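J.: What follows is a structure written as structure tokens; I'll ask about it next.
The values are calculated or read from the model by the stated rules, or taken from the named source; none is laboratory data. Just so we're clear, the structure is a prediction, and the values are computed from it rather than from any experiment. Neighbour counts are summed over all protein chains in view; Cβ atoms, including those assigned to glycine, are modelled from backbone coordinates with ideal geometry.
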Amino acid sequence: MHYLKAILLFIYITLPVTTTAQNMQGTITDAVNGSPMNFVRITNMRTSQTSVIDHNGFYTIPANTGETIVFCYIGYNITRKKKPKCVLISTLNLAMAPP
């Protein structure tokens with residue numbers, strides 16, 4: 001009986017954390033010269049939500065574990081990454097390269 005109560009208490013406590021919106025964030029730089037990139041378009045393929053990085057190359061986008069995030073910039077290779085397993089925020093720094 002105590003075992004069942006412990007399991008139910010654990011589920012009750014952790015449920016709000018697992019249902020909270022999760023984010024993926026990081027910095028995108030140019031693989032050739034290492035400078036922060038501007039105007040890279042970031043898209044969550046499941047939700048179609050998009051984001052654009054700031055002038056320092058920083059981005060943040062809502063993404064749950066396992067969702068594919070696509071990074072696009074004219075003249076550079078398109079990059080696809082899956083959000084790794086993490087509770088709330090995952091950091092993914094990326095260097096984009098021309099073809």
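J.: Taking the range 46-58 as the region of interest, how many residues are of a type in the set (A, V, I, L, M) and assigned to a loop (DSSP other than H, G, I, E, B)?
T.: Residues in the range 46-58 being of a type in the set (A, V, I, L, M) and assigned to a loop (DSSP other than H, G, I, E, B): 1 in total.
J.: Could you please find all residues in the range 59-81 being of a type outside the set (A, V, I, L, M), farther than 10 Å from N44 by Cα and outside any strand (DSSP E or B)?
T.: The answer is T65, G66, Y73, G75, Y76, N77.
J.: Select, from G66, G34, the only residue that is under 18 Å from P99 (Cα atoms), out of contact with any His (no Cβ under 8 Å at 6 or more places or on another chain) and small (G, A, S).
T.: One residue alone meets the criteria, G34.
J.: Could I ask something else about it? Does the range 82-95 include one or more residues that are part of a loop (DSSP other than H, G, I, E, B) and in contact with a helix residue (DSSP H, G or I) (Cβ under 7 Å, 6 or more places away or on another chain)?
T.: Yes, some residue in the range 82-95 is part of a loop (DSSP other than H, G, I, E, B) and in contact with a helix residue (DSSP H, G or I) (Cβ under 7 Å, 6 or more places away or on another chain).
J.: Can you pull out the residues in the range 1-53 that are modelled with pLDDT of 90 or more and small (G, A, S)?
T.: Correct list: G26, A31, G34, S35, S48, S51.
J.: How do the pairs read when you match residues in the range 67-83 that are within 16 Å of V32 (Cα to Cα) and touching a residue at least 24 places away in the same chain (Cβ under 8 Å) with residues anywhere that are among the hydrophobic types (A, V, I, L, M, F, W, C) and in a loop (DSSP other than H, G, I, E, B), using Cβ under 6 Å and keeping only pairs 6 or more apart or on different chains?
T.: Filtered contacts from the range 67-83: Y73/V40.
J.: When you look at T43, is it more than 12 Å from N93 (Cα to Cα), without any contact (Cβ under 8 Å) to a residue 40 or more places away in the chain and outside any loop (DSSP other than H, G, I, E, B), yes or no? Steps first, answer last, please.
T.: Working: more than 12 Å from N93 (Cα to Cα): yes; without any contact (Cβ under 8 Å) to a residue 40 or more places away in the chain: yes; outside any loop (DSSP other than H, G, I, E, B): yes.
It is true that T43 is more than 12 Å from N93 (Cα to Cα), without any contact (Cβ under 8 Å) to a residue 40 or more places away in the chain and outside any loop (DSSP other than H, G, I, E, B).
J.: Anything in the range 47-69 that is surrounded by 13 or more Cβ atoms within 10 Å (Cβ to Cβ) and either among the polar types (S, T, N, Q) or over 10 Å from the mean Cα position of the chain (by Cα) (or both)? List them, or say none.
T.: Answer for the range 47-69, where residues must be surrounded by 13 or more Cβ atoms within 10 Å (Cβ to Cβ) and either among the polar types (S, T, N, Q) or over 10 Å from the mean Cα position of the chain (by Cα) (or both): Q49, S51, I53, D54, G57, F58, T60, N64, T65, T68.
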